[in-house]
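Below is one structure, written out as structure tokens; the observations come after it.
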Amino acid sequence: MAGKAPKVRIVTFSLALFVLFYFMGYYMLNPILKTLHEEGLIPGKTEVEWRFNAGLIATILQGTGLVLSFVWGILADKIGRRQILFLLGITMGIGLLLVSTARSYTELLLYFVLFGLGYVGVGPVIYAFISDALPSQSRGKGYAAYYVSSVLAMILGLIVAGVLLQWRTAYLVSGLATFIFAVILFISSRGITIGYSEKKAEEVKKYSLREALPSLKKKTVLLILLMIIPWTIPWGMLSIWSIDYISTKWGVPTGTASLIIAAATASIALGHIIGGTLSDRLVSRGDTSGRAKISIIGVAVGYIAMLLMLIYPYPYGDTSISALFLPALLAVGGMMFTTFAYPNINSVLSDVIIPEHRGTIFAFYSVLNNLGWTLGPTVYTLLLSTFANTMGQIQAMTSAAVLIVSLWLIALLCWIGIYRSYPKEKL
């Protein structure tokens, strides 16, 4: 390959910061919604009306990205991941910068839609790009860097927009940083083309959607797509209702419940790192099924810990450290261990799909992944209302949460199937 080889560490670092700041742009919306309403940017004469208009921003923003996931995934395979990633990064940066200038609800909605052209939809492009930049035995850490950045972005977004900066300044910083790191990533990744990490850039065929779709028939791919909605519905529930669950069932203040979930959220970042690093080590030692092994262990241990936390006989209203320690530890362990599987899902997919088709297949995965996260909160409330007809509130909450988290057992069975199919289908 002509020219100076790109420094993969710089590329990975630039990508992590790029992901951090564009995700932060989304998560900053949460703590400023009421402020936007008070300033007249989100209209509504009643609580229900303004909250509906506020929710519409996030819904349209994510919906736009979800619909365009297939478009960006296919274009990434056809044109190149680096080019599409740069285009979407610049678009998101401009969208976030414009949000800081909004003077009406219409402008606010339009600017967030512009941001949404890349948000969500950029996911499959990044997944495929990581497989271009990093060889198979290093992809666990690469995908972990992506997921860790997205988790840290939630924490950083809440602090920056909710505490440290005025919201317009916060969006100015987020947009500018997204724009800058999109440029740095584009420059630092010069030379990384489709198939680069596998030294097959010269062998890549011209893209054909008809030739890409048969990859969906591979057993490993089917098992991942089959498990992804049951895998993400519990995550969607936990992301919205975990604080309410703990504060209501345990009888502790919302602030205390928030601290527990903050610790559990931090443990998710650690779980990504551990899961990706351990699986990379096993693969480097020649253990082809290492990624499946780490995922099976993580999901099994994480499910048991989360189940024990949900059914824990907590002494209602007791806020002492001695009472909180064990169930809080179970919540942290449940989220951390289960997360071991996340970077390995992407790594396994990239290992069984040829380089020129990964953006397309990752688009299918990305849509299902986001669909599960979206359905989670609603499925929980529907089950809760159903169970509440025959049992008390606390019991109904417990039953609904336990049933949803038990969907992870489907993911566990799929991972056992992947343990058998993956070594045979690995490129």
In deg cm²/dmol, rounded to 500, what helix-only [θ] at 222 nm does the chain give when every DSSP H run of at least 4 residues adds -39500 (n - 2.57) and the total is split over its residues?
-> -26000 deg cm²/dmol
How far apart, in nm, are two points set 7 Å out from the Cα along the Cα-to-Cβ line at residue 169 and at residue 329?
-> 4.2
Any idea how far apart residue 308 and residue 34 come out in nm if each label point goes 7 Å out from Cα toward Cβ?
-> 3.7
How much area per residue is accessible in the range 7-191 when the probe is 1.4 Å and only protein heavy atoms are counted (Å²)?
-> 40
What nm distance separates the two modelled labels at residue 394 and residue 71, each placed 7 Å from Cα along Cα→Cβ?
-> 5.1
Subtract the Cα-Cα distance of residue 106 and residue 60 from 0.36 nm times their separation in residues, and report this length gain in nm to one decimal.
-> 15.3 nm
Report the equivalent ellipsoid semi-axes for the chain in whole Å, largest first, defined as the square roots of five times the eigenvalues of the gyration tensor built from alpha carbon atoms.
-> 34, 29, 19
Would you please give the FRET efficiency between residue 47 and residue 244, computed as 1/(1 + (r/R0)^6) with r the Cβ-Cβ distance and R0 = 25 Å, to the nearest 0.05?
-> 0.90
Rounded, prolate or oblate: pick one for the range 7-191, where a ≥ b ≥ c are the square roots of the eigenvalues of its C-alpha gyration tensor, a/c under 1.5 means rounded, and failing that, prolate if a/b is larger than b/c, else oblate.
-> prolate
Quick calc, the chain, dipole around Cα centre from Cβ unit charges on Lys, Arg (+) and Asp, Glu (-), nearest 20 debye, gives 1320
With every protein chain kept in place and a 1.4 Å probe, the range 210-426 has an accessible area per residue in Å² of 40
Enumerate the helices in the chain for which the Kyte-Doolittle hydropathy averages 0.0 or more and the C-alpha atoms extend at least 20 Å along the helix's axis, using complete DSSP H runs.
-> 8-27, 47-78, 81-99, 139-159, 167-188, 219-250, 254-284, 290-311, 321-338, 358-387, 408-425
Dipole magnitude of the range 186-317, debye to nearest 20 (Cβ charges: Lys/Arg +1, Asp/Glu -1, about Cα centre) = 540
Heavy atoms only, probe 1.4 Å: what % of the accessible area of the chain goes to carbon and sulfur, would you let me know?
-> 69
Assuming R0 = 51 Å, can you tell me the calculated FRET efficiency for the pair residue 79 and residue 322, based on Cβ-Cβ distance, to the nearest 0.05?
-> 0.30
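The values are calculated or read from the model by the stated rules, or taken from the named source; none is laboratory data. Because the structure is a prediction, the values reported are computed rather than measured. A quick note on method: Cβ atoms are made from the backbone with ideal geometry, for glycine too, and the neighbour counts reach across all protein chains shown. Accessible surface is based on the protein model in full, side chains and every heavy atom, while ligands, DNA and RNA are left aside. Shrake-Rupley method; radii C 1.70, N 1.55, O 1.52, S 1.80 Å.
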